[in-house]
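Peer 1: The structure is given below, and queries will be raised subsequently.
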């Protein structure tokens, strides 16, 4: 894949960035170089390699997900909280639809 001046100008327009013709001409080879590098990364054989989130091994320390039933510190009072809701639905706050 390669980009030309029209593509860079369209991207700048979509991003609402004002770019001069000289800047567009300078960005074309830079973006083509970046895309060539990404395509080169796609050629690397990664079969059998597990995805990782960091280069060092990390172990997440997770706590048990339990509801605190003590009404003084929170939890276990859903009905009391929903009593203040204008339109509770199925144990949750009901909200009006905003997307058609």
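Peer 1: Is it the case, given these coordinates, that residue 95 is under 25 Å from the mean Cα position of the chain (by Cα) and either surrounded by fewer than 10 Cβ atoms within 10 Å (Cβ to Cβ) or part of a helix (DSSP H, G or I) (or both)?
Peer 2: When the stated conditions are applied, residue 95 does not pass them.
Peer 1: Return only the number of the condition from (1) assigned to a loop (DSSP other than H, G, I, E, B); (2) out of contact with any strand residue (DSSP E or B) (no Cβ under 6 Å at 6 or more places or on another chain) that residue 25 does not satisfy.
Peer 2: For residue 25, the failing item is (1).
For every residue, the table says whether it meets (1) within 25 Å of the chain's Cα centre (by Cα); (2) at pLDDT below 95; (3) surrounded by 10 or more Cβ atoms within 10 Å (Cβ to Cβ).
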| position | (1), (2), (3) |
| --- | --- |
| 48 | no, yes, no |
| 55 | yes, yes, no |
| 62 | yes, yes, no |
| 68 | no, yes, yes |
| 80 | no, yes, no |
| 91 | no, yes, no |
| 100 | yes, yes, no |
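The values are calculated or read from the model by the stated rules, or taken from the named source; none is laboratory data. Keep in mind that what you see is a predicted model, and the values were worked out from it rather than measured. A quick note on method: Cβ atoms are made from the backbone with ideal geometry, for glycine too, and the neighbour counts reach across all protein chains shown.
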